[in-house]
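A short write-up of the structure that comes next.
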Amino acid sequence: MSFNYDFVKHRKIFFIFSSIITVLGIVSLLVFGLNLGIDYESGSKAEVQAKTSINAEDLSDTLNSVGLKPEEIPVLAGQNNQRASVAYNKVLSKDEIAKFKTTIKDKYGTEPSVSTVSPVVGRELARNALISVLIASVGIIIYVGLRFEFLMALAAIIALLHDAFMIIAVFSFLRLEVDLTFIAAVLTIVGYSINDTIVTFDRIRENMKKTRIKNKDVLAGVVHDSIKQTLTRSINTVLTVLVAAVALWIFGSESIRNFSIALFIGLMFGMYSSICIASQLWFVWKAKQLKKRNFKPADSQA
Amino acid sequence: MVKKNRIATFILILAAFAVLIGFTTPQIVKNIKLGLDLQGGFEVLYQVKPAKKGQKIDNDVLKSAVQALDRRVNVLGVSEPNITIEGKDRIRVQLAGVKDQNNARKLLSTKAQLTFRDVNDKVLLDGSDLKGGGSKVTYNQQNQPIVQLTLKDGDKFGEVTKKVMNMGPGQNQLVIWLDYEKGDSYKAEAGKKDPKFISAPSVNSVLDQKQVVIEGRFTQEEAQNLADILNAGALPVKLKEVYSTSVGAKFGEQALHDTIYAGFIGVAIIFLFMLLYYRIPGLVAVITLSIYIYLILLIFDWMNGVLTLPGIAALILGVGMAVDANIITYERIKEELRSGKSVMSAFKAGNRRSFTTIFDANITTILAAGVLFAYGTSSVKGFALVLIISVLASFITAVYGSRVFLGLLVKSRWLDKKPGYFGVKESEISEL
């Protein structure tokens, strides 16, 4: 193959790159936080669909006349502005929702969608997801530690958390709305990331058996070859999954649009982290282990 | 020498699958239940609160509340209600395809506590005096709908009516309330045009009977609802809405349409890519992926799963992930071909060596998805389930299915010395 970029040699660039993004991500989270949808903040959200284009002022006035004045002028979307979303900072009661539905149905002919939420549920779900990821991580460490080796398990987990955090960071940067499907997207990426990393590690494991590791250079060679051998697979696989994610993004329903964007970002980072973070971290740690074992510091220096 | 019988077997199996898939898919797709986000409907998460002071909310109370809700939902005629207990004090109700959402919601959360009181709001009879299932709609002389109740004990009603009658003219009303709340009073409501109580007939004689009728200016529908709800029984608890989401039927329809359309495009591009990049193995991948999608739908149907929007997304993603197993194998075969092996031995070595990779990668993914399934709630759970099914199905089709199909072609010797059919150029092959 003609492609021969030396990932091992440039590992510091990747470490610096990921560190910068991580720091920026933390800063962004601290300063801007996440753009939490109503799934995490108390309130109500309604989607209206009409057969003809909607006039936002008109819609607002109509709702006002039945005592359901929206917080802001409704946001229009869709072809010819046939869709509108209306937000309330308070949780609408059952009767208010009924009134909303009847009013809209009379005016526009179709039944609107209305969601209300108290922040407890969203937060609980997020916490639940976080705990699940941590438990899953322990499980993965045990499995990968047994089937592969402990250092690989550790590197895989770091790559996994890296990917999950990157999605959260990018969503914070871009002020994209975080809703309940976002959690599902992050979880998918966790699954994908581990899958991708294992495939690369599997090849390293196989090549390690074939090679006698004398020094750091030989080790670097093994990592380099393993990445090179699995690179086509990594790229092709991520391409096919990306195609699916992009198709959902562009053509899919509006309610899973952010889900698709989160997947897209996560998939990119998932491939990047397997090659540029997980494998490289393992290399650094393994080289140190090697150095300790050899008792000859001069020998293992590159 | 090409062994034609292997190729014939290949075509035969392929044809068998094509017929099977072609004939049974429409029925399977029809059977699969759609979530409320795909057909309209609503979901409410209730917090369960004690109906009386000192009542403890334990598992038995939750269960009986779910049963009561279930009976009410049956009144609505929803085909696939989903009522589940969540955590220690929550109940999630999912009703897909409800026509009148407003009415359904009202029907669900009303406590349905019927009380008969005197003008001073003192309770004389309550829901516990009613005979279960004894309420029905009848008509009075003016042909107006009225609700007829059956009491457990006719003598008790006699005592009650006697008591009310003895309170004298102007005071002898038997006030019938549904969901009387603290602070409500007959005297405050009596003058209003639209009082909170249902009716307040005057009692002029002692009635020793079990049958009681309520006349309350009902419409036919209101009367029917009241009778149904009384039959379904009162809720043993108070329900507070914590979270609710309702999707208009039109929105659901559109979401389903858009997402399936997106899925077709995504899958079509993946198929095209596999064909162009991997040639003959790519063709096998297209076949096994089609079987994979079919299998997922079939399993979903068997499991009585409810397909939701995130579920479809997981399904489409699953296709992308299933492709991975194919790609790992084919890349491995190509590597073996490049090292100078014959097609036959490259196929065998490629299969063997890629197996552990795919196995370990899939096990770790299932591990992660399993934890999500165990700990996740509602939509996360559904998503995890589809992911687990996807990984298992992809393992069967992409590993074993691919072996059978590609194996037949390889063993027919038709592909011998044709590395180009695997997407490997002659110039890349090193001499052994």
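Data overview
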quantity: Beta bridge orientation in chain A: antiparallel %, DSSP, nearest 5; calculated: 90 percent
quantity: Chain A: calculated mean residue ellipticity at 222 nm from DSSP helix runs of at least 4, using -39500 (n - 2.57); calculated: -23000 deg cm²/dmol
quantity: Degrees, to the nearest 10: B:309-338 long Cα axis against longest axis of chain B; calculated: 10 degrees
quantity: Neighbour count of at most 15 Cβ within 10 Å plus DSSP loop: longest GluC sites (Glu not before Pro)-free window in chain B; calculated: B:182-430
quantity: Computed accessible area, A:W285, all protein chains, 1.4 angstrom probe, square angstrom; calculated: 60 Å²
quantity: Net charge, A:G266 excluded, C-beta distance under 13 Å - Lys, Arg +1, Asp, Glu -1; calculated: -2
quantity: Built amide H within the under 5 Å cut-off of B:Q113, gap 5+; calculated: B:D179
quantity: Segment A:R123-A:E71, length gained on full extension (0.36 nm per residue, minus Cα span); calculated: 16.4 nm
quantity: Cβ-defined net charge surrounding A:L130, 12 Å radius [Lys, Arg +1; Asp, Glu -1]; calculated: +1
quantity: Solvent accessible area, Å² - B:K187, 1.4 Å probe, full protein context; calculated: 130 Å²
quantity: Rounded tilt (10° steps) of A:11-31 against the dominant C-alpha axis of chain A; calculated: 30 degrees
quantity: Förster radius 22 Å - calculated FRET efficiency between B:K49 and B:A188, Cβ distance, rounded to 0.05; calculated: 0.30
quantity: Relative contact order, percent, chain B [alpha-carbon distance under 8 Å, six or more residues apart]; calculated: 21 percent
quantity: Estimated distance in nm for a label pair at B:R352 and A:S85, the labels positioned 7 Å out from Cα along Cα-to-Cβ; calculated: 5.6 nm
quantity: FRET efficiency for A:V284 and A:I141, using Cβ-Cβ distance with R0 set to 22 Å, rounded to 0.05; calculated: 0.75
quantity: Rel. contact order, % - alpha carbon contacts under 8 angstrom, at least six apart, chain A; calculated: 22 percent
quantity: A:L24 versus B:N204: modelled label distance in nm, points set 7 Å from Cα along the beta carbon direction; calculated: 8.7 nm
quantity: Most to least accessible of A:R212, A:R233, A:R123 (protein chains only, probe 1.4 Å); calculated: A:R212, A:R123, A:R233
quantity: Charge dipole (debye, nearest 20) of the protein assembly as shown; +1 at Cβ of Lys and Arg, -1 at Cβ of Asp and Glu; calculated: 2860 debye
quantity: Charged-residue dipole, Cβ positions (Lys, Arg, Asp, Glu), chain A about Cα centre, Debye nearest 20; calculated: 1920 debye
quantity: Largest-first ordering by accessible area, 1.4 Å probe, given options B:F264, B:F347, A:F173; calculated: B:F264, A:F173, B:F347
quantity: Beta bridges per DSSP with both ends in chain B, % antiparallel, nearest 5; calculated: 95 percent
quantity: A:V190, B:V137, reordered so the largest accessible area comes first (probe 1.4 Å); calculated: B:V137, A:V190
quantity: Size of charge dipole - the range A:43-117 - debye, nearest 20, with Cβ of Lys, Arg +1 and Asp, Glu -1, no other charges; calculated: 220 debye
quantity: C-alpha long axis of helix A:257-272 to longest principal axis of chain A, angle in °; calculated: 10 degrees
quantity: B:L276 - accessible surface, heavy atoms, 1.4 Å probe, Å² rounded to 10; calculated: 130 Å²
quantity: Whether the range B:113-221 is rounded, prolate or oblate, judged on the alpha carbon gyration tensor where a/c under 1.5 counts as rounded; calculated: rounded
quantity: Relative contact order (percent, whole number), the range B:113-221, Cα cutoff 8 Å, 6+ residue spacing; calculated: 35 percent
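The values are calculated or read from the model by the stated rules, or taken from the named source; none is laboratory data. All of these numbers come straight from a predicted model, not from anything done at the bench. Quick reminder, even Gly has a Cβ in these numbers, built from the backbone with ideal geometry, and neighbours come from all protein chains shown. Surface accessibility is based on the protein's heavy atoms, side chains included, excluding ligands, DNA and RNA. Shrake-Rupley method; radii C 1.70, N 1.55, O 1.52, S 1.80 Å.
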